[in-house]
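Remarks on the structure that follows.
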Amino acid sequence: MKLVTWNTQWCRGLDGMVSPRRIVEGARALADFDVLCLQEVASGYTRMPGAPADQPAELQALLPGFRLFFGAAVEEFDAQGGHLRFGNLIATRLPVAMVRHHPLPWPADPAVSTMPRMCTVVTLNSPDLGAVRVMTTHLEYYSAAQRSAQARALRALHAEACEQAAAPPQAGDEHSPFQPKPHTQQAILCGDFNMEATDPAHAEIQQPFGLQAAGGTPGMRLQDAWPIVHGQRPHDPTFRLFDKQYGPEPAAFDFVFVSEPLIPRLRRIEVDRQSRASDHQPVVVELEG
């Protein structure tokens, strides 16, 4: 299974042009992906630079054979009643069993400008891997306190899903919302975390949980895929590589975490260091059965 994750900056390249087509073509050049996870997808914000239109609809047209799931972290209306949405999107050509959208914590922080954040989760069925829970997110940039709370919430979401897989609820009516759900401990968490690997929140996501912390159960925690594949080699930068608006030094802000059952299946994780189709670089990860 091949997955590409990319903060698209509402599909706005460093030349100022907004082009969902260029994002899709750039992702395809990186890999023949089965799953595409995009952050900062916009709809209706025509006053933002580049005037993005209905990007979920545009991306759907560009991805025939894929199903798209858009989770709006921000959903609001302008003075003219226009419908504005901004959030994350998962597109996949694999069979989908369940979709969930989780708002993340947004504690008050009056010192900075912030916005709501969320995590979209799609449980899919891979021919090679079986059921895999794909989670994509975009954490707060300006508030470290909010970002830390959001990291803890992501870990809690993963822990809850693992507990559901270990002890599923009783089966209900197969023709109602109580029908059995496809819980799995195989998970991929990816996106723009707006922090470097040295940030305490990066370690927080990877902390053990529940009985695992006491050594009572096999490990199911999330782990950063980069050092698993590349060892001590520093993360390739994914932000500020070309655009210095937010700082002079390149940094890795975009990560892929995998749950421990998927670690033996992890084969590749790389960063496209050439693309200028966004202010972030896309990341590809490949897993085999």
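Could you check segment 103-133 and list, in sequence order, the residues that are in a strand (DSSP E or B) and farther than 20 Å from residue 220 by Cβ?
Listed by number, the residues that qualify are 103, 118, 120.
Determine which member of the set 98, 17 is under 30 Å from residue 245 (Cα atoms), modelled with pLDDT of 95 or more and surrounded by fewer than 18 Cβ atoms within 10 Å (Cβ to Cβ).
17
Is it true that some residue in segment 202-211 is part of a helix (DSSP H, G or I) and in contact with a Phe, Trp or Tyr (Cβ under 8 Å, 6 or more places away or on another chain)?
yes
Assuming residue 130 fulfils every condition listed in (1) more than 13 Å from the chain's Cα centre (by Cα); (2) surrounded by 16 or more Cβ atoms within 10 Å (Cβ to Cβ); (3) touching a residue at least 40 places away in the same chain (Cβ under 8 Å) apart from one, which condition is it?
Tallying (1) more than 13 Å from the chain's Cα centre (by Cα); (2) surrounded by 16 or more Cβ atoms within 10 Å (Cβ to Cβ); (3) touching a residue at least 40 places away in the same chain (Cβ under 8 Å), residue 130 fails exactly one: (2).
Being touching a Leu at 6+ places or on another chain (Cβ under 7 Å) and within 23 Å of residue 289 (Cα to Cα) is the requirement here; does residue 66 meet it?
Against the criterion (touching a Leu at 6+ places or on another chain (Cβ under 7 Å) and within 23 Å of residue 289 (Cα to Cα)), residue 66 does not qualify.
Are any of the residues in segment 134-154 in contact (Cβ under 8 Å) with a residue 24 or more places away in the chain, in contact with a helix residue (DSSP H, G or I) (Cβ under 8 Å, 6 or more places away or on another chain) and in a strand (DSSP E or B)?
Within segment 134-154, one or more residues are in contact (Cβ under 8 Å) with a residue 24 or more places away in the chain, in contact with a helix residue (DSSP H, G or I) (Cβ under 8 Å, 6 or more places away or on another chain) and in a strand (DSSP E or B).
The values are calculated or read from the model by the stated rules, or taken from the named source; none is laboratory data. From a predicted model like this one, the values you see are computed outputs, not experimental measurements. Reconstructed Cβ throughout: ideal geometry from the backbone, glycine too, with neighbour counts over all protein chains shown.
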